[in-house]
């Protein structure tokens, strides 16, 4: 065990974090029951995946941790190819393969 | 637009393989098999968590405690990092909860699709609601809007089993075997590529494109803010943009 962090402290963090994270995930789904959401909320919620997930990864694309936050042409190109192929082919697997091939080819060449 | 009780997917013809014909069992298998590509990322990432957490001084039970009770990769790494930096417990907890707050948006976004589920079913969904299970399921629900509830739940369960169990097993392996994986295979980038590949086919309308563009621009501009905060501002602004563009183009079509 690390000299600085005591066992009870770690378990406290685990349990509180476990409960808190569950409540976050349960929040709307569990508490709203079967009530209808207002139509303007429904309209916004339709855009949750296309807003949250790209915004989650955008900083990882532009400032990758692996390069110490430096712009990396290989990762930028791989992300660009993934999006382009996904838009064009509408295929998730195709987009993953195209992005991975681009990334490895460019990392290999550099 | 008129307030519709059913989720209103963007105009798109259901494909020939549309869901209603599938059994619950088939939907579970479909969710499971479609999630298999995640394992390429998930297994090394979970082993890495076990290794990193063990190096930070956690024992196997604590590593498993994190992966079973918290079950949220990014916040688990954040917690271990902060704990080994001797941050105070309250800082650790608040930072990690901030990292996980985006899941409240997932929870809200699933309401129209899963509202008919029972209390215990919703509790299980909440437990297993991670980035991957959310992204996979919402993509399926939008592509096949007429799937019955039982099939939607079965699909989610199939995804959740493939995504969550290996995470727990992998972190246990990392904690016990404790062999560092080579860091020169660019695994850091598997997650961004997977998510971009899932989202790109969902960008069907100008409203979707606008939502995505504004959210991405916002998250880059706000990247300097502490853990997860930028996303919590950028994503709702992007969602509002999408809703606005949708309302505007409907208005224009009617005019």
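Over all distinct Cα pairs, what is the inverse of the mean 1/r for chain B, reported as the Kirkwood hydrodynamic radius in Å?
Every distinct Cα pair counted, the radius reaches 19.9 Å.
Determine the shape class of chain A: with a ≥ b ≥ c the square roots of the Cα gyration tensor eigenvalues, call it rounded for a/c under 1.5, and otherwise prolate if a/b is greater than b/c, oblate otherwise.
Oblate is the answer for chain A, as a/c is 1.5 or above yet b/c matches or exceeds a/b.
How large is Rg/Rh for the range B:42-140, to two decimals, with Cα atoms and a Kirkwood Rh?
Rg/Rh for the range B:42-140 comes to 1.02.
Short version: what are the Cα gyration tensor semi-axes of the range A:48-109, square root of 5 times each eigenvalue, largest first, in whole Å?
19, 17, 7
Comparing A:64, A:38, A:49, which has the greatest mean-square fluctuation in the GNM of chain A with Cα pairs linked when under 10 Å apart?
A:38
Between residue B:161 and residue B:255, what is the FRET efficiency for a Förster distance of 56 Å, r being their Cβ-Cβ separation, to the nearest 0.05?
Using R0 = 56 Å, I get an efficiency of 0.70.
What ratio of Cα Rg to 2.2 N^0.38 Å holds for the protein assembly as shown? Walk me through the numbers on the way to the answer.
Values: Rg = 20.2 Å, N = 365, 2.2 N^0.38 = 20.7 Å.
Scaled against compact globular proteins, the figure is 0.98.
Across peptide B:204-217, how many C-beta atoms of other chains are within 10 Å of each residue C-beta, on average?
Across the residues of B:204-217, the mean count of other-chain Cβ atoms within 10 Å is 5.
What relative contact order, as a whole-number percentage, does chain A give when Cα pairs under 8 Å and 6 or more residues apart are counted?
Taking the mean separation of contacting Cα pairs over the length of chain A, I get 14 percent.
Average partner chain C-beta neighbours within 10 Å, per residue of A:97-107?
Working: counts 3, 2, 8, 7, 0, 1, 5, 3, 0, 1, 4.
Partner Cβ neighbours, averaged per residue: 3.
How many nm is it between the label spots at residue B:39 and residue A:97, if each spot is 7 Å from the Cα in line with the beta carbon?
Distance between the two pseudo-spin positions: 1.9 nm.
In a Gaussian network model over chain B where Cα atoms closer than 10 Å are linked, find which of B:30, B:146, B:204 has the largest mean-square fluctuation.
B:204
Can you work out the PRE-style zone for residue A:109? Point 7 Å along Cα to Cβ, and I want the residues of the range A:56-99 with backbone N under 16 Å.
Correct set: A:72-82, A:98-99.
Please give the average number of partner chain Cβ atoms lying within 10 Å of the Cβ of each residue in B:118-128, rounded to a whole number.
Going residue by residue through B:118-128 and averaging, the value is 3.
Counting only Cα atoms, I'd like the Rg/Rh figure for the range B:203-255, Kirkwood definition for Rh.
Over the Cα atoms of the range B:203-255, Rg/Rh equals 1.12.
Values quoted throughout were computed directly from the atomic coordinates according to the rules given, and no laboratory measurement underlies them. Since the structure is predicted, the reported quantities are computational estimates derived from the model, not experimental observations. FYI the Cβ positions are ideal-geometry reconstructions off the backbone, even for glycines, and counts take in every protein chain you see.
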